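> First, the structure itself, so that you have it in front of you.
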Amino acid sequence: MGDHRSGNGQNVNGKAAAAGPMYKIQLDNFAKRLKTLYTHWNDHRNDLWGSSDVLAIAAPPNSEDLRYLKSSALNMWLLGYEFPETIMVFMKRQIHFLCSQKKADVLRPVERTAKEAVGAEVVIHVKARSDDGTALMEAIFSAIRSLSKADGQEVPVVGYIAREAPEGKLLETWGEKLKAADFQLNDVTNGLSELFAVKDDAELLNVKKAAHLTANVLKNYVVPKLENVIDEEKKVTHSLLMDETEKAILDPSRAKVKLKVDSIDICYPPIFQSGGEFDLRPSAASNEELLYYDSASVIICAVGSRYNSYCSNCARTFLIDANPLQSKAYEVLLKAHEAAVSMLKPGNKLNAAYEAAFSVVEKDAPELLPNLTKSAGTGMGLEFRESGLNINAKNERIVKENMVFNVSLGFQNLQNQTNNPKNQNFSMLLADTVIVGKEKSDVATHMSSKAVKDVAYSFNEDEEEEERPKAKPEANGADPIMSKTTLRSDNQESKEELRRQHQAELARQKNEETARRLAGGRSGTGDNRNAAKTSTDLVAYKSVNDLPPPRDSMIQVDQKNEAVLLPIYGSIVPFHVATIRTVSSQQDTNRNCYVRIIFNVPGTPFNPHDSNTSKFQGAIYLKEVAFRSKDSRHISEVVQQIKTLRRQVMARESERAERATLVTQEKLQLAGNRMKPIKLSDLWIRPAFGGRGRKLPGTLEAHVNGFRYSTTRQDERVDIMFGNIKHAFFQPAEKEMITILHFHLHNHIMVGNRKTKDVQFYVEVMDVVQTLGGGKRSAYDPDEIEEEQRERDRKNKINMDFQNFVNRVNDLWSQPHFGGLDLEFDQPLRELGFHGVPYKASAFIVPTSTCLVELIETPFLVVTLSEIEIVNLERVGLGQKNFDMTIVFKDFKRDVLRIDSIPSTSLDGIKEWLDTTDIKYYESRLNLNWRQILKTITDDPQSFIDDGGWEFLNLEVSDSDSEKSEESDQGYEPSDAQSESDSEEEASDSESLVESEEDDDQDSEEESEEEKGKTWEELEREASNADREKGDESDSEEERKRRKMKAFGKGRAGPSSGLPKRAKMR
């Protein structure tokens, strides 16, 4: 709990002081405490202050280490701030300060106050930056000699803090000159300790605020965190818990505490200990070992925080499935701790508190006396450990009202009767911040309970009852019911070895499951990825009589009938706008304008009407027309009208086609008088409703059998049936800007004019606004601090509102008539998250208990873990900074999901997560052609099963067989023709991937296609490619097989079978 980082309070250094009046000494407080200092000095000059005539206190420069110094404490106590590299000399009639110019400016206001309070003149010696301060020090020494002679003393007695070694050039020079001067030097540490021991009302208020924060961090953050880790059997290190708890202290809103953030700091880095390694000394630190929480384990947590530099401390011991020895030891320790606290009364000696604790242990458990700590705590305030106030058997200092103590008592190195080193040795510790009152002591950290019922956890009661009739508990932990943590601890095997064993078992189970599924034909063998889009017959005019009258051989656009009328050989010929693929215009040097219209023709790529061509097999199609005109304005209007009309028609037809494929849902039953709907207001929805109007927030209501989201507009309404919800997620805003409720559905629904399976409701927790032209604001600006506090309050309120809504809906879903739906809001586990590129942009992907999700960026990613067949980690090793993750689904007709560019630092965490969720994973050095692999499997599932299933992906097996296939590999050298064929197949793969993107991607591609026509060279190249495809059809069966296996060779395939164990990769 010791000395690791930064100094006390706010430092008045050069840069800070330059900010102006932000550092303002409270003169009333200064006057009161200066009087107290001089009174205490006069009253106890001989017994505590070393008969000193002068007090010389030198504060060291700033340090990155956390340390507690008497000189810094005096700065804080007297002036309210730290003054680094400042020398203070107190005499009966003068007070001297030696410091920089900017600190001198802050100190100027105390000159008058000191004169009025104690009759002392304040002399400020300003040291220039280039000056070593020697001359100024000599001036101070001359003043000391002069005042001593005036008082009739030839040798002045100067008191200083002997234990503080001088730091920095200024203080080293001061120390040398002070020792060289003709002064008698005495230590005044005891006087300062006694001066700080009894707190005034302002100090006690700071201690209480610090203790309130400490206790609530333990109660509202640490304990729930530990319970979650243990309940879900997560792997978390002590150091990670330390870091997260420190963040909770520095951001008190996470512990549900409202205090000024700029007044808060830690006393020491939070301490977490478990797994047989315990250190009850105040200088202990959290190590890198995993938190150990198996049966008969002990977890010690210690948290200390400061408010306005005043310290508080609280430590608790948690028992996991405690054995009788642990239970008895804790009960005795708790009783002894309470006895020590009860003896801290005004007039009692400090050793009486320790003797009371000692007596309890001696009476109730004398065998534990050798393990009892030799101290029951120390005094506490501006320093974490105030010297001279140790609570031990020898200290006879008298306890006084308004003293503050850190009462810390423990048992060190107790022994369990077990061979498991993780719980063979254990310790216990209890600590509280105690304020001495008039009649009894007040435990300021009482909010964090230390009662047995609140610190003792039992997780294995049911398992123990089941295991007793089966077998006796063995140290090797072979029982499959036992957790993985138990296996790790009992066998003492490495994490990697256990993971390898578990993955081997998963591989066996997965291959058996896949074989059964393929044998049953449930995976399907067809491939419907490129199914053609169907469309209804589009008719512009039912008869010739409906045509509008011609207008001087001009191109006309009939908006009502959605037709374009073109003058061809003197006649007006109508074309439905949906038959037009692109339209463009250009102008030559003679100011002639040309309009080029390209139509949809069967056989061309991205033709949406191929399904209708079978009705008119003998028809002749017009591929392209061009018109010339002198009227450039008319040409521009026509082109714009055609494009606008075509876009409207295509959007309408697309929406109609999407609605035709929707599954009919049940109707929403609105909540009646008996059941009021559960509401959450001011939400935004994604995907957003269409339309050009201003977007409006809406309200989400939970009714009898579903949710309804609606805005003030009547046409903006979405119903989500409970029966259609596959997964529900609640993601509170932590590092993100939004709090989210997300629903992943079984079947598509329409939101506005978009068909979607993912519907999200969110609220922005803070405004994304940056003041333009404003300079950088100070961290101590009151307006800035107030604004940050408002943002934190808003975020906490929104998260709490969402949490209440989620809890009420979970209670609704837990009713018996919803039992078959198995619905519950899932929450992403941020600590298991990793960065990757699932679509086009990098995102933070987070696992939940049932899914792998990314809910911030669109398109959303929701992968159900139970639908995953295997995961292949690609581009692993070879010094790569990133790797890719390929997720293969149990439905082989479904495209694999690729998550690219995952940092290699996340590899071990992902492998551990996959292993704990019972997902089989493989590793490969290259990316594989998964579409061809899955097609080969579905074409010949029996060969896949006979060749060992997925084990062809196992690098260890492949490497062992690589020598056998070396000769055949050496003879494989692809020709140019083969490379060209491969590139064509890669192109076709990429086309299918493009077609499987979101609908908005398709629309954007079609719009980009319609903006430009193809040149004659491109059309000729398409024709030659088509001829080549026809030639391929006439190839022999053997030739087609050769090309097929060659394409598969890009992954891992070879010529011998459908799935060989090793093949060359290109």
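> Only one of (1) touching a residue at least 40 places away in the same chain (Cβ under 8 Å); (2) assigned to a helix (DSSP H, G or I) fails for Phe411. Which number is that?
All conditions pass for Phe411, except number (2).
> Starting from residues that are modelled with pLDDT under 90 and charged (D, E, K, R), keep the ones in segment 798-823 and report whichever is farthest from Ser849 (Cα to Cα).
Looking at residues that are modelled with pLDDT under 90 and charged (D, E, K, R), I get Asp811.
> Hey, another quick one. Looking at Thr886, Thr938, Thr864, can you tell me which residue is hydroxyl-bearing (Ser, Thr, Tyr), surrounded by 19 or more Cβ atoms within 10 Å (Cβ to Cβ) and more than 28 Å from Thr237 (Cβ to Cβ)?
Thr886 is the lone residue from the list that is hydroxyl-bearing (Ser, Thr, Tyr), surrounded by 19 or more Cβ atoms within 10 Å (Cβ to Cβ) and more than 28 Å from Thr237 (Cβ to Cβ).
> Of all strands (runs of 3 or more DSSP E) completely enclosed by segment 687-770, which ones contain at least 3 residues that are open to solvent by 10 Å² or more (accessible area, probe 1.4 Å) and over 16 Å from Gln665 (Cα atoms)?
754-764
> Go through (1) of a type in the set (Val, Ile, Thr); (2) closer than 30 Å to Asp915 by Cα; (3) over 21 Å from the mean Cα position of the chain (by Cα) one by one and return the number of the condition Thr848 breaks.
(3)
> Let me ask something else about it. Within segment 9-49, which residues are modelled with pLDDT of 90 or more and among the small types (Gly, Ala, Ser)?
Ala31 - this is the single residue of segment 9-49 that is modelled with pLDDT of 90 or more and among the small types (Gly, Ala, Ser).
> So which pairs qualify, if the first residue must be in segment 296-322 and touching a residue at least 40 places away in the same chain (Cβ under 8 Å) and more than 16 Å from Ser448 (Cα to Cα), the second must be in a strand (DSSP E or B) and of a type in the set (Gly, Ala, Ser), the Cβ gap must be under 6 Å, and the two must be at least 6 apart or on different chains?
These pairs meet every condition: Ile320/Ser297; Ala322/Ala456.
> While we're on this one: Could you check segment 900-929 and list, in sequence order, the residues that are touching a strand residue (DSSP E or B) at 6+ places or on another chain (Cβ under 7 Å), among the hydroxyl-bearing types (Ser, Thr, Tyr) and at negative phi?
Ser904, Ser906, Tyr921, Tyr922, Ser924
> Do any helices (runs of 4 or more DSSP H) lying entirely in segment 158-276 carry at least 2 residues that are in contact with a Gly (Cβ under 9 Å, 6 or more places away or on another chain) and among the hydroxyl-bearing types (Ser, Thr, Tyr), and which ones are they?
Those helices (runs of 4 or more DSSP H) span 189-197.
> For segment 811-823, give me the residue count where each residue is assigned to a loop (DSSP other than H, G, I, E, B) and on the phi < 0 side of the Ramachandran plot.
The total comes to 3.
> Anything in segment 277-298 that is buried (at least 24 other Cβ atoms within 10 Å of the Cβ), part of a strand (DSSP E or B) and out of contact with any Asp or Glu (no Cβ under 8 Å at 6 or more places or on another chain)? List them, or say none.
Once the filter is applied, which keeps residues that are buried (at least 24 other Cβ atoms within 10 Å of the Cβ), part of a strand (DSSP E or B) and out of contact with any Asp or Glu (no Cβ under 8 Å at 6 or more places or on another chain), segment 277-298 yields only Val298.
> Check whether at least one residue in segment 237-248 is at pLDDT below 90 and charged (D, E, K, R), and report yes or no.
As a first pass, look at segment 237-248 and keep what is at pLDDT below 90: none.
Scanning segment 237-248 turns up no residue that is at pLDDT below 90 and charged (D, E, K, R).
> Out of Lys209, Lys219, Lys235, Lys199, report the one residue that is more than 30 Å from Thr916 (Cα to Cα) and either open to solvent by 50 Å² or more (accessible area, probe 1.4 Å) or of a type in the set (S, T, N, Q) (or both).
On the way: Lys219 fails: more than 30 Å from Thr916 (Cα to Cα); Lys235 fails: more than 30 Å from Thr916 (Cα to Cα); Lys199 fails: either open to solvent by 50 Å² or more (accessible area, probe 1.4 Å) or of a type in the set (S, T, N, Q) (or both).
Criteria check complete, one pass: Lys209.
> What helices (runs of 4 or more DSSP H), lying completely within segment 56-138, carry at least 1 residues that are more than 24 Å from Leu192 (Cα to Cα)?
Fully inside segment 56-138 and qualifying: 101-107, 110-118.
The values are calculated or read from the model by the stated rules, or taken from the named source; none is laboratory data. Being a predicted model, the structure only gives us computed values, none of them experimental. Quick reminder, even Gly has a Cβ in these numbers, built from the backbone with ideal geometry, and neighbours come from all protein chains shown. For the accessible areas, the whole protein counts, side chains as well, though only heavy atoms, and no ligand, DNA or RNA atoms are used. Shrake-Rupley method; radii C 1.70, N 1.55, O 1.52, S 1.80 Å.
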